[in-house]
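The values are calculated or read from the model by the stated rules, or taken from the named source; none is laboratory data. Just so you know, these numbers come straight off a predicted model, no measurement behind them. All Cβ positions, even for glycine, are placed from backbone atoms using ideal geometry, and neighbour counts span all protein chains on display. For accessibility, only protein heavy atoms count, side chains too; no ligands or nucleic acids. Shrake-Rupley method; radii C 1.70, N 1.55, O 1.52, S 1.80 Å.
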Amino acid sequence: MFLSIDAGNTNITIGFFDDEQGKWQHEFRISTKEKLSLLKLEKDLHLFFLENDLKIEMISQVGVSSVVPELNPLLTQFCKEFLGKSCYFINGKSYQTLKVSTTKPNEIGTDLMCNVTAAFERFSQATIIVDFGTALTFTVVDDQGKVLGVNIVPGLKTAVRALFANTSKLPEVDLKFPKSAIGKNTIESIQAGILHGYTGLVKGMLETIQAEVQLPMKIIATGGLSNILSNLQNTFDEVDRYLTLEGIRLITQANLKNR
């Protein structure tokens, strides 16, 4: 069983890939918003293993994508002490043996390159990857697997929290589609503005990118919030919440194979 660890600004996501069945079986998330200790991580994972009938000896390899460098020592120690394994951290040199490439390997986030790797492995053509995370990102790949660039805007929850933090009377609301695009009260007004507004943002960004690139393109969505904008589902060729985890697996195994 392969273990992918995706350390982001909001959560650490740990995915379990069953090699025999060829699919992702389990997913564990823990918040990184509050100070995270090794003890808490090990305690929560121990409980998760018990609840899902998992055993540490099932884990064969561990790959890590981290965009939060201060978490790296904690993750290294966790893998060594709890899993009894060394872990492979994806970095700018990890893409040299892959089908995909970028002119700025140390600048683009490893999570985005994991998305690119998994998406190009699946489609083998020009692709736009829309990642609904702490930031909403659009990563553009041409038909040769080269990253053309990335667009970044605040994510859905980030936008709601910014509105809540910077206004004295507006509440923090749930990300739930209101019945109307015209809010009838404060909560519905925020929901309509954010959710319908971001729907238009995503559609407009995709149209602009496709008009500029002038290639037939696949569009794939991923990220923990990828299902929230339900009226966008027909816009995407696929929605795959495991895309980043799959990219971590592919990059890690390609690099460990060449050692």
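Numerical summary
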item: Leading residue by the ranking (farthest from ASN231 (Cα to Cα)) among those in region 180-220 that are among the charged types (D, E, K, R) and over 22 Å from the mean Cα position of the chain (by Cα); result: GLU212
item: Check on LEU75, more than 16 Å from GLN253 (Cα to Cα), part of a loop (DSSP other than H, G, I, E, B), open to solvent by less than 30 Å² (accessible area, probe 1.4 Å) and outside the structural domain of ILE228 (by the TED database); result: no
item: Selection count where residues are open to solvent by 30 Å² or more (accessible area, probe 1.4 Å) and either part of a strand (DSSP E or B) or of a type in the set (Lys, Arg) (or both), scope region 19-59; result: 12
item: Residue in region 241-258 that is farthest from VAL150 (Cα to Cα), counting only those that are in a helix (DSSP H, G or I) and out of contact with any Phe, Trp or Tyr (no Cβ under 8 Å at 6 or more places or on another chain); result: LYS257
item: Tabulated pairs, region 18-31, first closer than 27 Å to LEU74 by Cβ, second assigned to a strand (DSSP E or B) and among the charged types (D, E, K, R), C-beta under 9 angstrom, 6+ apart or interchain; result: TRP24/ASP18; GLN25/ASP18; HIS26/ASP18
item: Selected residue (criterion: surrounded by the fewest Cβ atoms within 10 Å (Cβ to Cβ)) from residues of region 1-12 that are out of contact with any Gly (no Cβ under 8 Å at 6 or more places or on another chain) and assigned to a strand (DSSP E or B); result: ILE12
item: Tabulated pairs, region 214-229, first aliphatic (A, V, I, L, M), second assigned to a loop (DSSP other than H, G, I, E, B) and surrounded by fewer than 18 Cβ atoms within 10 Å (Cβ to Cβ), C-beta under 7 angstrom, 6+ apart or interchain; result: LEU215/ASP142; LEU215/ASP143; ILE219/ASP237; ILE220/ASP237; ILE228/LEU175
item: Region 60-72, residues that are of a type outside the set (A, V, I, L, M) and either surrounded by fewer than 18 Cβ atoms within 10 Å (Cβ to Cβ) or out of contact with any Lys or Arg (no Cβ under 8 Å at 6 or more places or on another chain) (or both); result: SER60, SER65, SER66, PRO69, GLU70, ASN72
item: Residue within region 80-103 that is open to solvent by less than 40 Å² (accessible area, probe 1.4 Å), within 19 Å of TYR242 (Cα to Cα) and polar (S, T, N, Q) present; result: no
item: Test result for LYS43, of a type in the set (D, E, K, R) and either in contact with a Pro (Cβ under 6 Å, 6 or more places away or on another chain) or without any contact (Cβ under 8 Å) to a residue 12 or more places away in the chain (or both); result: yes
item: Strands (runs of 3 or more DSSP E) completely within region 124-213 that count 2 or more residues being without any contact (Cβ under 8 Å) to a residue 40 or more places away in the chain; result: 135-141, 147-154
item: Identity of the residue in region 4-31, touching a strand residue (DSSP E or B) at 6+ places or on another chain (Cβ under 6 Å) and among the β-branched types (Val, Ile, Thr), that ends up farthest from GLY63 (Cα to Cα); result: ILE30
item: Selection within region 105-149 - out of contact with any strand residue (DSSP E or B) (no Cβ under 9 Å at 6 or more places or on another chain), crowded, with 16+ Cβ neighbours inside 10 Å and in the same structural domain as GLY223 (by the TED database); result: THR117
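Quick grid of which residues meet (1) open to solvent by 70 Å² or more (accessible area, probe 1.4 Å); (2) more than 29 Å from VAL147 (Cβ to Cβ); (3) assigned by the TED database to the domain that holds THR139; (4) in contact with a Leu (Cβ under 6 Å, 6 or more places away or on another chain):
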position: VAL173; (1), (2), (3), (4): no, yes, yes, no
position: PRO178; (1), (2), (3), (4): no, yes, yes, no
position: ILE182; (1), (2), (3), (4): yes, yes, yes, no
position: PRO216; (1), (2), (3), (4): yes, no, yes, no
position: SER226; (1), (2), (3), (4): no, no, yes, no
position: LEU229; (1), (2), (3), (4): no, no, yes, no
position: LEU232; (1), (2), (3), (4): no, no, yes, no
position: VAL239; (1), (2), (3), (4): no, no, yes, no
